[in-house]
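The values are calculated or read from the model by the stated rules, or taken from the named source; none is laboratory data. This one's a predicted model, so the numbers in the text were calculated from it and none came from an experiment. Heads up, the Cβs are rebuilt from the backbone with ideal geometry, glycines too, and the neighbour counts pull from every protein chain shown. These accessible areas exclude ligands, DNA and RNA; they are computed on the full protein's heavy atoms, side chains included. Shrake-Rupley method; radii C 1.70, N 1.55, O 1.52, S 1.80 Å.
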Amino acid sequence: GENVEQHPSTLSVQEGDSAVIKCTYSDSASNYFPWYKQELGKGPQLIIDIRSNVGEKKDQRIAVTLNKTAKHFSLHITETQPEDSAVYFCAALWSSASKIIFGSGTRLSIRP
Amino acid sequence: GAGVSQSPSNKVTEKGKDVELRCDPISGHTALYWYRQSLGQGLEFLIYFQGNSAPDKSGLPSDRFSAERTGGSVSTLTIQRTQQEDSAVYLCASSLFEGSPLHFGNGTRLTVT
(Lines give C-alpha, C1' and ligand atoms only; values in the text may rest on other atoms or scores of the structure.)
Protein backbone atom coordinates (compact mmCIF):
# COMPACT_ATOMS: atom_id res chain seq x y z
CA GLY A 1 0.00 0.00 0.00
CA GLU A 2 0.92 3.64 0.14
CA ASN A 3 3.77 4.13 2.55
CA VAL A 4 6.66 6.46 3.21
CA GLU A 5 8.99 5.50 6.03
CA GLN A 6 11.26 8.10 7.64
CA HIS A 7 14.25 7.71 9.97
CA PRO A 8 15.33 8.73 12.51
CA SER A 9 12.34 10.06 14.46
CA THR A 10 14.62 12.32 16.50
CA LEU A 11 18.08 13.67 15.72
CA SER A 12 20.38 15.84 17.78
CA VAL A 13 23.53 17.30 16.25
CA GLN A 14 26.17 19.79 17.32
CA GLU A 15 25.90 23.21 15.73
CA GLY A 16 28.08 23.26 12.64
CA ASP A 17 27.84 19.51 12.05
CA SER A 18 25.80 17.83 9.32
CA ALA A 19 22.40 16.18 9.66
CA VAL A 20 21.01 13.41 7.47
CA ILE A 21 17.42 12.19 7.34
CA LYS A 22 16.43 9.16 5.26
CA CYS A 23 13.17 8.03 3.70
CA THR A 24 11.98 5.03 1.73
CA TYR A 25 8.83 4.75 -0.37
CA SER A 26 6.83 1.85 -1.75
CA ASP A 27 5.37 3.16 -5.03
CA SER A 28 7.98 2.53 -7.72
CA ALA A 29 6.12 4.92 -10.04
CA SER A 30 6.44 7.90 -7.68
CA ASN A 31 8.29 10.73 -9.41
CA TYR A 32 8.15 13.72 -7.06
CA PHE A 33 9.72 13.91 -3.60
CA PRO A 34 9.41 17.09 -1.53
CA TRP A 35 10.81 17.88 1.91
CA TYR A 36 9.02 20.12 4.40
CA LYS A 37 10.10 21.91 7.56
CA GLN A 38 7.56 22.53 10.29
CA GLU A 39 8.10 24.98 13.12
CA LEU A 40 5.99 25.01 16.25
CA GLY A 41 2.46 26.22 15.68
CA LYS A 42 2.89 26.61 11.92
CA GLY A 43 2.08 24.62 8.84
CA PRO A 44 4.85 22.75 7.00
CA GLN A 45 6.94 24.77 4.54
CA LEU A 46 8.61 23.36 1.46
CA ILE A 47 12.40 23.56 1.71
CA ILE A 48 13.51 21.50 -1.28
CA ASP A 49 12.09 18.98 -3.72
CA ILE A 50 13.40 16.59 -6.33
CA ARG A 51 11.90 14.86 -9.33
CA SER A 52 12.85 11.43 -10.51
CA ASN A 53 14.79 12.58 -13.55
CA VAL A 54 17.70 13.74 -11.35
CA GLY A 55 19.69 12.03 -8.63
CA GLU A 56 20.69 15.04 -6.56
CA LYS A 57 19.66 18.63 -5.98
CA LYS A 58 21.34 21.26 -3.86
CA ASP A 59 20.24 24.62 -2.47
CA GLN A 60 22.87 26.32 -0.31
CA ARG A 61 23.26 24.21 2.85
CA ILE A 62 20.49 21.78 1.90
CA ALA A 63 20.75 18.87 -0.51
CA VAL A 64 18.52 15.95 -1.43
CA THR A 65 19.64 12.70 -3.03
CA LEU A 66 17.39 10.15 -4.73
CA ASN A 67 18.03 6.48 -5.48
CA LYS A 68 15.12 5.28 -7.59
CA THR A 69 16.35 1.71 -7.81
CA ALA A 70 16.43 1.36 -4.05
CA LYS A 71 13.37 3.62 -3.62
CA HIS A 72 14.97 5.85 -1.05
CA PHE A 73 15.84 9.52 -0.76
CA SER A 74 17.71 11.57 1.81
CA LEU A 75 17.94 15.12 3.10
CA HIS A 76 21.36 16.50 3.97
CA ILE A 77 21.82 19.70 5.96
CA THR A 78 25.40 20.94 6.28
CA GLU A 79 26.85 23.52 8.70
CA THR A 80 23.75 23.29 10.89
CA GLN A 81 22.54 26.39 12.70
CA PRO A 82 20.15 26.88 15.63
CA GLU A 83 17.37 27.98 13.26
CA ASP A 84 17.50 24.56 11.62
CA SER A 85 15.83 23.09 14.73
CA ALA A 86 12.37 21.95 13.64
CA VAL A 87 10.42 18.89 12.51
CA TYR A 88 11.24 17.73 8.99
CA PHE A 89 8.92 15.64 6.82
CA CYS A 90 9.70 13.79 3.63
CA ALA A 91 6.92 13.02 1.17
CA ALA A 92 6.23 11.24 -2.09
CA LEU A 93 3.66 11.81 -4.80
CA TRP A 94 1.52 8.72 -5.26
CA SER A 95 1.36 8.20 -9.02
CA SER A 96 -1.96 6.37 -9.08
CA ALA A 97 -3.89 8.99 -7.17
CA SER A 98 -1.97 12.28 -7.40
CA LYS A 99 -1.88 12.56 -3.64
CA ILE A 100 1.16 13.35 -1.57
CA ILE A 101 1.93 10.94 1.27
CA PHE A 102 4.13 12.08 4.15
CA GLY A 103 6.65 10.32 6.33
CA SER A 104 6.23 10.36 10.10
CA GLY A 105 8.66 13.23 10.66
CA THR A 106 12.07 13.82 12.23
CA ARG A 107 12.53 16.20 15.12
CA LEU A 108 15.92 17.85 14.59
CA SER A 109 17.60 19.61 17.49
CA ILE A 110 20.79 21.64 17.07
CA ARG A 111 22.98 21.74 20.18
CA PRO A 112 24.89 25.01 20.73
CA GLY B 1 0.91 37.53 -1.98
CA ALA B 2 -1.62 35.94 0.38
CA GLY B 3 -0.97 32.39 1.46
CA VAL B 4 -3.40 29.63 2.42
CA SER B 5 -5.77 30.86 5.11
CA GLN B 6 -7.55 28.57 7.56
CA SER B 7 -10.25 29.45 10.03
CA PRO B 8 -10.78 29.25 12.87
CA SER B 9 -7.22 28.87 14.12
CA ASN B 10 -8.52 27.19 17.27
CA LYS B 11 -11.80 25.43 17.97
CA VAL B 12 -12.96 23.85 21.20
CA THR B 13 -16.16 21.86 20.99
CA GLU B 14 -18.13 19.43 23.08
CA LYS B 15 -18.29 15.78 22.18
CA GLY B 16 -21.23 15.10 19.90
CA LYS B 17 -21.35 18.56 18.32
CA ASP B 18 -20.70 19.24 14.62
CA VAL B 19 -17.82 21.45 13.49
CA GLU B 20 -16.95 23.11 10.21
CA LEU B 21 -13.40 24.05 9.27
CA ARG B 22 -12.66 26.45 6.43
CA CYS B 23 -9.78 26.73 4.00
CA ASP B 24 -9.09 29.59 1.59
CA PRO B 25 -6.44 28.43 -0.89
CA ILE B 26 -4.03 30.57 -2.83
CA SER B 27 -5.84 32.21 -5.72
CA GLY B 28 -5.47 30.21 -8.93
CA HIS B 29 -4.46 26.99 -7.24
CA THR B 30 -6.52 24.15 -8.69
CA ALA B 31 -5.60 21.40 -6.22
CA LEU B 32 -6.53 21.47 -2.53
CA TYR B 33 -5.62 18.95 0.17
CA TRP B 34 -6.72 18.26 3.74
CA TYR B 35 -4.43 16.52 6.24
CA ARG B 36 -4.79 15.71 9.92
CA GLN B 37 -1.90 15.94 12.37
CA SER B 38 -2.30 14.46 15.83
CA LEU B 39 -0.04 15.73 18.60
CA GLY B 40 3.58 15.01 17.76
CA GLN B 41 2.62 12.84 14.81
CA GLY B 42 2.95 12.94 11.05
CA LEU B 43 0.50 14.19 8.46
CA GLU B 44 -2.41 11.86 7.74
CA PHE B 45 -3.96 12.36 4.29
CA LEU B 46 -7.73 12.93 4.39
CA ILE B 47 -8.93 14.10 0.97
CA TYR B 48 -7.91 16.14 -2.02
CA PHE B 49 -9.78 18.18 -4.61
CA GLN B 50 -8.98 18.89 -8.23
CA GLY B 51 -11.23 21.84 -8.98
CA ASN B 52 -14.49 21.05 -7.20
CA SER B 53 -14.15 17.29 -7.59
CA ALA B 54 -12.69 14.94 -5.00
CA PRO B 55 -11.02 12.07 -6.88
CA ASP B 56 -9.72 10.49 -3.68
CA LYS B 57 -11.70 10.42 -0.46
CA SER B 58 -10.00 7.30 0.82
CA GLY B 59 -8.35 9.03 3.76
CA LEU B 60 -11.55 10.19 5.46
CA PRO B 61 -11.58 8.28 8.78
CA SER B 62 -15.33 7.67 8.94
CA ASP B 63 -18.64 8.75 7.47
CA ARG B 64 -18.77 11.51 10.09
CA PHE B 65 -16.20 13.36 7.99
CA SER B 66 -17.11 15.14 4.78
CA ALA B 67 -15.63 17.90 2.67
CA GLU B 68 -16.68 20.08 -0.18
CA ARG B 69 -15.15 22.72 -2.39
CA THR B 70 -17.11 25.36 -4.24
CA GLY B 71 -16.17 27.63 -7.12
CA GLY B 72 -12.79 25.95 -7.34
CA SER B 73 -11.76 27.97 -4.30
CA VAL B 74 -12.93 27.75 -0.68
CA SER B 75 -13.19 24.33 0.94
CA THR B 76 -14.92 23.24 4.12
CA LEU B 77 -14.24 20.13 6.16
CA THR B 78 -17.17 19.08 8.31
CA ILE B 79 -17.00 16.67 11.21
CA GLN B 80 -20.34 15.51 12.55
CA ARG B 81 -20.93 14.18 16.06
CA THR B 82 -17.35 14.91 17.10
CA GLN B 83 -15.46 12.42 19.25
CA GLN B 84 -12.44 12.98 21.48
CA GLU B 85 -10.21 11.10 19.04
CA ASP B 86 -11.00 13.78 16.45
CA SER B 87 -8.84 16.20 18.46
CA ALA B 88 -5.92 17.19 16.21
CA VAL B 89 -4.59 19.94 13.99
CA TYR B 90 -6.33 19.97 10.61
CA LEU B 91 -4.08 21.30 7.88
CA CYS B 92 -5.10 22.51 4.46
CA ALA B 93 -2.74 22.89 1.51
CA SER B 94 -3.15 24.06 -2.06
CA SER B 95 -1.03 23.64 -5.16
CA LEU B 96 -1.06 25.16 -8.61
CA PHE B 97 -1.88 21.77 -10.12
CA GLU B 98 -1.68 18.11 -9.11
CA GLY B 99 1.89 17.13 -8.37
CA SER B 100 3.21 20.64 -7.85
CA PRO B 101 4.52 21.90 -4.48
CA LEU B 102 2.01 22.16 -1.66
CA HIS B 103 1.53 25.42 0.23
CA PHE B 104 0.14 24.86 3.71
CA GLY B 105 -1.96 27.01 5.98
CA ASN B 106 -1.21 27.18 9.69
CA GLY B 107 -3.99 24.75 10.52
CA THR B 108 -7.03 24.61 12.77
CA ARG B 109 -6.39 23.12 16.19
CA LEU B 110 -9.52 21.19 17.13
CA THR B 111 -10.09 20.13 20.72
CA VAL B 112 -13.07 17.92 21.56
CA THR B 113 -13.92 17.93 25.26
Any chance you could count how many residues in the stretch B:57-74 are closer than 20 Å to residue B:26 by Cβ and either modelled with pLDDT of 95 or more or surrounded by 14 or more Cβ atoms within 10 Å (Cβ to Cβ) (or both)?
6
Could you look through the stretch A:6-49, keep only residues that are open to solvent by less than 60 Å² (accessible area, probe 1.4 Å) and of a type in the set (Asp, Glu), and pick out the one that is farthest from the other protein chains (Cβ to nearest Cβ)?
A:27
Would you check if residue A:81 is touching a residue at least 12 places away in the same chain (Cβ under 8 Å) and open to solvent by 40 Å² or more (accessible area, probe 1.4 Å)?
yes
Restricting attention to the stretch B:37-56, does a residue exist that is in contact with a helix residue (DSSP H, G or I) (Cβ under 9 Å, 6 or more places away or on another chain), assigned to a strand (DSSP E or B) and either surrounded by 13 or more Cβ atoms within 10 Å (Cβ to Cβ) or more than 13 Å from chain A (Cβ to nearest Cβ) (or both)?
no
Restricting attention to the stretch A:1-30, report how many residues are closer than 22 Å to residue A:83 by Cβ and in a loop (DSSP other than H, G, I, E, B).
6
Suppose we filter the stretch A:23-38 for residues that are over 19 Å from residue B:40 (Cα atoms) and among the charged types (D, E, K, R); how many remain?
1
State all residues of the stretch A:96-112 that are at the interface with another protein chain (Cβ under 9 Å from one of its Cβ atoms) and among the polar types (S, T, N, Q); if no residue qualifies, say none.
A:98, A:104
Among residues belonging to the stretch A:50-78 that are outside any strand (DSSP E or B) and within 14 Å of chain B (Cβ to nearest Cβ), point out the one that is surrounded by the fewest Cβ atoms within 10 Å (Cβ to Cβ).
A:53
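Let me confirm something: among B:96, B:21, B:91, B:77, which residue is under 14 Å from the mean Cα position of the chain (by Cα) and either modelled with pLDDT under 95 or away from every other protein chain (no Cβ under 14 Å) (or both)?
B:77
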